[in-house]
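Engineer: Structure below; questions to follow.
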Amino acid sequence: MPGTYDFEDLVLKLSTPFYVILIGLEIFLTYTHHHSESSTRRTYSFRDSLNNAMLMLLNGGIDLLFRAVYVAALIWFYNQAPVAPIANPYIYWFVLFLLEDLAFYTLHYVDHHCRLFWAVHVTHHSSEHFNLTTGFRSSVFQPLYRFVYFIPLALAGFDPADIIVMYSITQIYGIIVHTEHINKLGWLEYIFVTPSHHRVHHASNVQYLDKNMGMCLIIWDRIFGTFQEELPSVPPVYGLTKPIDNSNIVHTVFHEWQEIGKDFRQPVDLETKVKYLLKAPGWSPDGSRKTSKDLQREVEG
């Protein structure tokens, strides 16, 4: 297990200069090439990118402080595993990759469809820019519950250290798809999450809401009905359907919790308050607000 953590540290050391080089290249391309005619702003904003870095550090700090707890939990479940680990190392790591990507898809789907978790994840979607630094705009408190989705992997005989290092590796891919500078990639679009797919995911256009949830593989979205191709006639508009009114870090992280607090202060019963918390963002008891599915039905109708 310690050897695996050493490998995770190596991944971090190698990925950091990789990110720096790619971000530098993207900034160069942004300011030396004409931007898309459909875009009203440049890809980069200093203030926005600074906020992304600060949110990444907050997320990383919480992850580091909480690591002993979630690693201990995963180890406990691993020790209760009813099956032996896969003996063949190639099959072991390939199956771990597939199952962990599916676990992330499930986590991501819940984050979008339960307001309690959307209040955490909304931070990642709150930027009106889309570039490689947006990939670092972390859901700050996600490390407090993300490990729960990896418990089935531990019970399936996958070492917790391997689970953690696999997540670190796949996150690299999840970050580099945050770019406007790569167009569609042919047959790869049918298997992997591509920048085109992820532009859809970050868009606030009604047709694009809650689509393309995968980290590395787009196959889960195709299987479970959450896939949406990027349409030439619908250029992505990034950010939230209701933009936040200031970019202060505290407001960026907690604004949805403030909205939940407003709903809780309404003269409604406990059951309705629980529904405000657990149902999809946009749900209201009288239908005065709309969820993403409500909005999409209106467009399709």
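Engineer: From the list 179, 170, exactly one residue is over 30 Å from residue 242 (Cβ atoms) and polar (S, T, N, Q). Which is it?
Structural biologist: Of 179, 170, the one residue that is over 30 Å from residue 242 (Cβ atoms) and polar (S, T, N, Q) is 170.
Engineer: When segment 253-292 is examined, which residues are found to be surrounded by 14 or more Cβ atoms within 10 Å (Cβ to Cβ), out of contact with any Cys (no Cβ under 8 Å at 6 or more places or on another chain) and of a type in the set (D, E, K, R)?
Structural biologist: Listed by number, the residues that qualify are 256, 259, 263, 273, 275, 290.
Engineer: Given the condition touching an Asp or Glu at 6+ places or on another chain (Cβ under 9 Å), more than 21 Å from residue 110 (Cα to Cα) and assigned to a loop (DSSP other than H, G, I, E, B), answer yes or no: does some residue in segment 196-217 qualify?
Structural biologist: Checking segment 196-217: not a single residue is touching an Asp or Glu at 6+ places or on another chain (Cβ under 9 Å), more than 21 Å from residue 110 (Cα to Cα) and assigned to a loop (DSSP other than H, G, I, E, B).
Engineer: Sticking with this one: Could you grab me the full set of residues in segment 228-245 that are within 21 Å of residue 185 (Cβ to Cβ) and touching a residue at least 24 places away in the same chain (Cβ under 8 Å)?
Structural biologist: Answer for segment 228-245, where residues must be within 21 Å of residue 185 (Cβ to Cβ) and touching a residue at least 24 places away in the same chain (Cβ under 8 Å): 228, 229, 230, 231, 234, 235, 236, 238.
Engineer: For residue 78, state whether it is assigned to a helix (DSSP H, G or I), of a type in the set (Ser, Thr, Tyr) and farther than 20 Å from residue 142 by Cα.
Structural biologist: So residue 78 passes the test.
Engineer: Restricting segment 251-301 to residues that are part of a helix (DSSP H, G or I) and among the β-branched types (Val, Ile, Thr), which is farthest from the chain's Cα centre (by Cα)?
Structural biologist: Filtering first and then ranking leaves 272.
Engineer: Hey, among the residues in segment 139-158 that are touching a Ser or Thr at 6+ places or on another chain (Cβ under 7 Å) and not in a helix (DSSP H, G or I), which one's surrounded by the most Cβ atoms within 10 Å (Cβ to Cβ)?
Structural biologist: Going through the qualifying residues, I end up with 140.
Engineer: Evaluate the following for residue 250: is it surrounded by fewer than 10 Cβ atoms within 10 Å (Cβ to Cβ), without any contact (Cβ under 8 Å) to a residue 40 or more places away in the chain and either within 21 Å of residue 130 (Cα to Cα) or out of contact with any Leu (no Cβ under 8 Å at 6 or more places or on another chain) (or both)?
Structural biologist: Answer is yes for this residue.
Engineer: If only one of 196, 292 is at pLDDT 95 or above and polar (S, T, N, Q), which one is it?
Structural biologist: 196
The values are calculated or read from the model by the stated rules, or taken from the named source; none is laboratory data. Because the structure is predicted, anything quoted here is derived from the model rather than measured. Glycine gets a Cβ as well: all are built from the backbone with ideal geometry, and neighbour counts include every protein chain shown.
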